[in-house]
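What follows is one structure encoded as structure tokens, with my remarks underneath.
The values are calculated or read from the model by the stated rules, or taken from the named source; none is laboratory data. Note that the coordinates shown come from a computational prediction; the quantities given were computed from them, not determined experimentally. Cβ placement follows ideal geometry from the backbone for every residue including glycine, while neighbour counts extend to all protein chains displayed.
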Amino acid sequence: MELIKNLLDEFKHYFPGNDDIRVFFAPGRVNLIGEHTDYNGGYVLPAALSKGTYMAVSLRSDREFYLRSANFPDLKINFSLDELVYKKEDDWGNNPKGVISELKKAGASIKGADIYYYGNIPNGAGLSSSASIGMVTAFGLSHMYKLPADIKKIALICQNMENDFIGVNTGIMDQYSVGFGKKEHAIFIDCGSMTHELVPLHLGDYKFVITNTNKRRGLADSKYNERREECEKGLLEIQKSYPVCQTLSDVSLEMFEKVKENLNPTIRKRVRHVVTENRRVIDAVSELKSGNLKTFGKLMVASHESLRDDYEVTGEHLDALFDAQKTCAGCIGTRMTGAGFGGCTISIVHKDNVPSFKKSVKNNYESQTGLEPNFYICEVGDGVKEITKEGIV
Ligand code: GAF
């Protein structure tokens with residue numbers, strides 16, 4: 001609760017005289033398996049992190065918004081409800097501004113607010129810092145404005161913000177898992193029907209270790225949109241033979257084998273990744289439920305290889321980590337997590353081997369890339385929530 005006390009002190013420093021303050025939290029997420037399947041109507045298996053974004057907020061009586069962040073103390077974001085436009089110089093502030101724009105578009109009767117954020121997940125590392133700040137803003141403001149706080153609707157508002165306001169055509173996985181995550185559970189999502197099942201994580205003597213490449217993600221957004229377009233082209237071609245397929249997730253391995261020669265070589269690889277990855281997620285969920293962590297780990301490795309060879313979103317830094325990790329003693333599974341093009345890997349490592357894993361990966365990765373990686377032992381936490389003085393509600 002020390003963190004909340006500091007957050008409130010900082011809020012009062014920036015916005016003195018304001019006592020009607022509420023605090024909300026949204027986690028980041030790590031995806032265990034099922035990458036680049038969500039926008040193809042497919043399956044994913046992420047988990048919410050115990051770390052994320054905190055927001056202290058108080059409503060104003062006018063139409064102005066004043067946004068401050070502990071992580072970016074030099075950037076002051078001020079705007080009015082009448083000028084909700086994307087501005088490059090507003091940087092992270094475009095994310096909450098886009099959420100407010102979506103709430104306004106949806107017809108909500110809203111007014112201005114003073115908001116102070118603090119985030120403890122690394123930005124742009126594939127751990128959904130963006131969905132975390134979007135969801136905490138949408139959830140928190142929905143509560144403040146007394147709007148219905150339906151998590152699915154809030155997740156869709158945040159996805160629209162990414163797609164229309166920021167211009168990245170993300171799927172729904174990040175917002176959904178940030179919304180519905182549960183402590184010590186993975187969340188198996190069918191992104192086509194927008195339904196999910198919580199799967200308990202019985203890790204025994206194993207830990208999830210997240211390793212950050214610390215490689216800036218460069219052209220990630222344009223490459224992401226390019227992959228999405230390639231999938232859409234693949235679907236159009238497949239529909240000529242199988243009009244029944246509404247998304248790539250309706251394409252079975254057998255169908256793919258029959259139509260693959262009609263697809264150009266690049267599109268064929270993209271589609272093969274999506275079709276095989278969906279199968280891997282279903283298998284991974286069943287292995288997890290049966291307690292077969294080692295087989296689960298093998299599916300993670302196959303997922304990375306498919307993302308490297310067929311989907312081509314890993315790149316030299318993620319591949320260097322993957323190569324360094326997969327042969328480490330006690331590591332039974334590893335893969336990139338998130339959109340790729342930099343960011344993090346997630347590995348399953350025996351608790352006794354975590355120190356040697358870190359040492360060996362650090363040495364190997366540093367000599368290959370000249371960059372120092374960071375390690376986080378991943379704790380799986382709950383989805384978006386309000387934090388009250390009495391505890392967490
Ligand atoms: C990013 C996107 F935001 C998700 O929707 C998903 O597509 C992921 O990349 C890749 O699986 O996190």
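Cβ-Cβ distances below 9 Å connect the following pairs, each with a first residue in the stretch 170-199 that is away from the ligand (no atom under 14 Å from the Cβ), a second residue that is assigned to a strand (DSSP E or B) and among the polar types (S, T, N, Q), and a separation of six or more residues or different chains: Lys183/Ser50. Residue pairs whose Cβ atoms lie under 6 Å apart, separated by 6 or more positions or on different chains, with the first residue in the stretch 11-39 and acidic (Asp, Glu) and the second assigned to a strand (DSSP E or B) and within 11 Å of the ligand (Cβ to nearest atom), are Asp38/Val44.
Among the conditions (1) in a helix (DSSP H, G or I); (2) of a type outside the set (Gly, Ala, Ser); (3) at pLDDT 95 or above, Phe188 misses just one, which is (1). Of all the listed residues (Phe79, Phe72), the sole one being among the aromatic types (Phe, Trp, Tyr), surrounded by fewer than 24 Cβ atoms within 10 Å (Cβ to Cβ) and touching a Lys or Arg at 6+ places or on another chain (Cβ under 9 Å) is Phe79. Residue count for the stretch 124-136 satisfying the condition of being more than 10 Å from the ligand (Cβ to nearest atom) and either in the same structural domain as Asn212 (by TED's automatic domain parsing) or part of a helix (DSSP H, G or I) (or both): 6. Tally the residues that are part of a loop (DSSP other than H, G, I, E, B), away from the ligand (no atom under 16 Å from the Cβ) and surrounded by 18 or more Cβ atoms within 10 Å (Cβ to Cβ), restricting the search to the stretch 217-269. Residues that pass the stated criteria total 2. Of all residues in the stretch 103-162, those that are touching a Ser or Thr at 6+ places or on another chain (Cβ under 6 Å) and closer than 14 Å to Trp92 by Cβ total 8. Please determine whether any residue of the stretch 123-135 is surrounded by fewer than 18 Cβ atoms within 10 Å (Cβ to Cβ) and under 15 Å from Lys385 (Cα atoms). No - not one qualifying residue is present in the stretch 123-135.
Count of the stretch 100-136 residues, restricted to those that are of a type in the set (S, T, N, Q), modelled with pLDDT of 95 or more and more than 16 Å from the chain's Cα centre (by Cα), is 1.
The rows are residues; the columns are (1) closer than 30 Å to Asp9 by Cα; (2) outside any loop (DSSP other than H, G, I, E, B); (3) polar (S, T, N, Q); (4) within 16 Å of the ligand (Cβ to nearest atom).
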site	(1), (2), (3), (4)
Pro122	yes, no, no, yes
Pro148	yes, no, no, no
Ile157	no, yes, no, yes
Val168	no, no, no, yes
Gly204	no, no, no, no
Phe208	no, yes, no, no
Asn214	no, no, yes, no
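In the stretch 357-393, how many are more than 15 Å from the chain's Cα centre (by Cα), surrounded by 14 or more Cβ atoms within 10 Å (Cβ to Cβ) and of a type in the set (Gly, Ala, Ser)? Residues that pass the stated criteria total 1. Looking at this structure, is Phe139 surrounded by 15 or more Cβ atoms within 10 Å (Cβ to Cβ), aromatic (Phe, Trp, Tyr), within 16 Å of the ligand (Cβ to nearest atom) and in a helix (DSSP H, G or I)? No.
Against the criterion of being within 17 Å of Leu141 (Cα to Cα), over 26 Å from the mean Cα position of the chain (by Cα) and not assigned by TED's automatic domain parsing to the domain that holds Gly234, Phe25 does not qualify.
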